[in-house]
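The values are calculated or read from the model by the stated rules, or taken from the named source; none is laboratory data. Here the structure is a predicted model, which means the values were calculated and not measured. Positions of Cβ are backbone-derived with ideal geometry, glycine not excepted, and every protein chain shown enters the neighbour counts.
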Amino acid sequence: MAEIKHHLTDQLLMGYAAGTLPEAFSLVVATHVSLCDECRSRLGEFEAVGGEVMMSAGAVSMSNDSFAATMALIANTPEAPQKRYAKGIFPAPLQDYVGGDKDDVRWRPVGGGVRQMILASDGGATVRLLHIPGGVAVPDHGHRGLELTLVLQGAFKDESDRFGVGDVEVANEDLNHTPIAEEGEACICLAATDAPLKFNSFLPRIAQRFVRI
Amino acid sequence: MTEQKTPARAEWLDEIYAVRDTQDQAAFARLFAHFAPRVKGFLMRSGASADVAEECAQEVMATIWRKAALFDPARASVATWIFTIARNRQIDMIRRARRPEPEDLPWGPDAEPDQEEVLVLQEETNKLGEAIAALPEKQRELIQKAYFGDLSHSEIAEQTGLPLGTIKSRIRLALDRLRHTMR
């Protein structure tokens with residue numbers, strides 16, 4: 001496992017633990033946590049807070065027949081077999097969305113050699129896979145909201161740092177950046193945004209209307 | 001041995017093991033009596049109607065029965081584990097959204113958790129509960145609201161002053177140990 005240098009914020013881990021993040025962000029959190037023991041244990045801590053909050057929220061009596069109803073539920077619900085894909089570069093939560101691993105992604109071109117697959121879009125937040133050939137830049141863009149980018153293959157660099165496999169960049173609207181995939185192997189990342197990316201030049205803005213980036 | 005406090009029993013573990021190993025309905029009934037009303041109360045505080053919260057709490061308890069073998073006491077207390085199940089069922093049943101979950105860590109053949117680690121994790125979880133109870137009311141409310149879903153995640157950014165860090169290192173230890181036994 002590569003050494004991970006860029007982690008999730010407390011805010012995101014707490015939101016995930018509380019179950020209040022949009023699905024798009026939850027997928028990035030679950031995927032990063034699958035790769036990162038540090039964030040898995042930090043998440044465990046926020047879940048422990050949730051457990052304590054739940055235990056002190058105040059009990060409300062269950063209905064009289066609730067225990068029998070639960071035992072009937074146990075007896076009558078067949079075990080749902082969980083679909084498992086062969087081990088690849090994508091952790092299990094991401095494989096579930098893709099329906100497989102790297103070779104099963106249904107890529108669509110978005111221009112400049114960059115390809116994407118949109119995985120989920122809910123409550124204004126969208127999560128997609130991006131495939132950026134080595135040495136290629138994703139057009140200079142700022143954000144109107146929060147953007148999470150998790151690297152799954154290769155690496156990218158921007159004005160702030162280098163991001164390798166397992167690293168997650170948390171960018172807010174203050175960060176105007178130009179991520180460039182490192183030379184060599186294409187960079188594959190999982191990116192979630194809660195607002196459309198806003199490109200800083202005229203042409204990509206037009207393209208944006210067609211490619212939903 | 002020198003005189004010291006009686007070590008805290010890791011609460012509800014015997015019941016979980018009894019459900020896991022012998023499908024013990026009496027042990028499950030004790031878990032049910034303690035946790036089901038609290039799960040229901042939590043779901044109602046989070047905005048569910050009494051009927052929906054009742055149904056969801058039954059589903060949560062059924063999941064505990066089915067997944068007892070997956071519970072890892074070196075990484076979470078029973079209350080923490082039940083909270084995560086309740087939260088997932090809530091997203092699934094009440095918000096009707098999909099809930100991506102981190103990949104499970106596979107258990108090694110001899111990965112029975114160390115009793116000492118289990119007890120320390122339990123103790124630290126208890127301390128966390130006490131620390132939450134001892135917070136100034138405003139801060140405690142902020143944390144509760146975050147978990148009841150009454151705060152946006154930007155509001156959660158507020159500092160809460162919780163003694164976070166100890167449970168984290170405990171879980172980290174358990175993960176390291178797990179990875180080690182897997183090697």
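The set of residues in the stretch B:53-75 being within 14 Å of B:Asp104 (Cα to Cα) and either facing chain A (nearest Cβ under 9 Å) or of a type in the set (Val, Ile, Thr) (or both) consists of B:Arg75 alone.
Restricting attention to the stretch A:5-16, report how many residues are at the interface with chain B (Cβ under 8 Å from one of its Cβ atoms) and crowded, with 24+ Cβ neighbours inside 10 Å. Qualifying residue count for the region: 3.
Within the option set B:Trp65, B:Trp81, being modelled with pLDDT of 95 or more, closer than 15 Å to A:Ser66 by Cβ and of a type in the set (Phe, Trp, Tyr) holds for one residue only, B:Trp65.
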